[in-house]
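This report concerns only the one structure given below.
Values in this text are rule-based calculations from the coordinates and carry no lab data. Owing to the predicted nature of the structure, the values given are computational and were not obtained by experimental measurement. Every residue, glycine among them, receives a Cβ derived from its backbone with ideal geometry; neighbour counts consider all protein chains shown.
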């Protein structure tokens with residue numbers, strides 16, 4: 001754990017004489033025994049006696065250690081604490097058997113997402129790169145969570161922003177006026193920013209001919225310049241893979257086809273339809289096809305090849321010409 005440093009001892013001794021008289025004069029304050037705390041949380045950069053010791057009395061506001069860095073936790077031994085507060089005449093402290101006290105510096109965490117959202121919003125507003133959610137950022141260096149003072153509110157402010165549309169590079173400086181830490185040393189980020197669109201991909205290996213379900217699909221972000229045929233999973237559901245598909249690759253129109261319902265050589269049900277008449281025969285497909293495709297079928301009864309439309313799995317429909325049916329009908 002982080003060990004907390006002493007403050008300058010001479011500063012504390014200068015205050016000690018003034019506080020000694022006040023500590024002796026209050027009988028009510030001495031009625032409660034000073035007790036060491038096991039865990040301490042501080043807001044500022046100093047740890048005071050009152051933070052470490054409950055019922056510290058008049059010396060509670062005296063600073064004795066420097067606090068850990070923002071958002072971190074340090075430890076100080078009981079022996080060091082008693083040594084640090086001994087000059088202030090605070091005696092008979094109940095340590096409760098503690099060997100050390102943990103001290104945490106409270107903070108507000110500015111997460112990576114908050115930083116990226118602010119940068120994207122600034123680029124969208126100043127350089128018309130589309131909606132902030134559609135801007136893809138790639139940083140030159142890893143971006144980490146930033147810790148600022150717990151009371152530092154408000155949003156990150158843009159101090160400076162440059163963007164080159166030819167190279168897609170950006171350079172931005174961010175400040176948080178309510179944070180003394182960031183106000184002294186603003187954040188700076190460099191990298192590339194590209195407008196992106198949603199693209200659909202499979203989330204598992206898919207073999208040729210497999211029909212895609214909703215659970216097989218996911219969405220990715222791709223540069224807008226790289227156009228894609230499918231921007232929503234719904235458009236790909238129910239289609240079959242024209243060839244083997246691998247995860248992480250955006251789907252193109254040539255990757256998918258309507259599911260094959262009839263394969264070449266399959267025995268199919270051949271249906272002749274006309275108003276008031278329907279004949280069903282057996283046939284053999286001469287071509288492969290999906291629903292709605294026109295294929296050739298060999299009529300196994302007449303040994304003639306006819307053209308029909310796939311109307312279902314293993315079914316092909318042939319529409320007879322109305323004039324032929326009228327000629328074949330008996331005269332009244």
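For a Förster distance of 30 Å, can you work out the FRET efficiency between the beta-carbons of residue 219 and residue 106, rounded to the nearest 0.05? If you can, show how the numbers build up before the last one.
Values: r = 39 Å, r/R0 = 1.29.
Once the sixth-power term is evaluated, E becomes 0.20.
Report, in degrees rounded to the nearest 10, the 0 to 90 angle that the Cα long axis of helix 9-25 makes with the longest principal axis of the chain.
70
How much length, in nm to one decimal, is gained on full extension between residue 227 and residue 171, taken as 0.36 nm per residue of separation minus their Cα-Cα distance? Before the final figure, lay out the partial values.
On the way: separation 56, 0.36 × 56 = 20.16 nm, distance 2.73 nm.
Result for the pair: 17.4 nm of gain on full extension.
Given the Cα atoms of the chain, and with Rh set as the inverse mean 1/r over their pairs in the Kirkwood sense, what is Rg to Rh to two decimals? Spell out each step's value before the answer.
Details: Rg = 39.2 Å, Rh = 28.0 Å.
On the Cα set of the chain, Rg over Rh gives 1.40.
For the stretch 261-328, what is the largest minus smallest coordinate of the Cα atoms on each principal axis, given in angstrom and ordered from greatest to least?
35, 23, 15
Work out, step by step, the length gained on full extension between residue 45 and residue 162: first 0.36 nm times the residue separation, then minus their alpha carbon distance; give nm to one decimal. Please list the in-between numbers first.
Details: separation 117, 0.36 × 117 = 42.12 nm, distance 3.50 nm.
This chain segment gains 38.6 nm when fully extended.
Counting only C-alpha contacts under 8 Å and six or more residues apart, can you give the relative contact order of the chain as a whole percent?
Working: 683 pairs, mean separation 30.9, N = 332.
Reported relative contact order: 9 percent.
Kindly provide log₁₀ I(q)/I(0) values, in the same order as q = 0.10, 0.11, 0.12 Å⁻¹, from the Debye equation applied to equal alpha-carbon scatterers of the stretch 190-290.
Log-scaled intensity ratios, in q order: -0.43, -0.49, -0.55.
Evaluate the distance, in nm, between pseudo-label points positioned 7 Å from the Cα of residue 307 and of residue 278 along their respective Cα→Cβ axes.
Roughly 2.4 nm, to one decimal.
What distance in nm separates the two pseudo spin-label positions at residue 235 and residue 82, each 7 Å out from Cα along the beta-carbon direction?
Computed distance between label sites residue 235 and residue 82 equals 7.5 nm.
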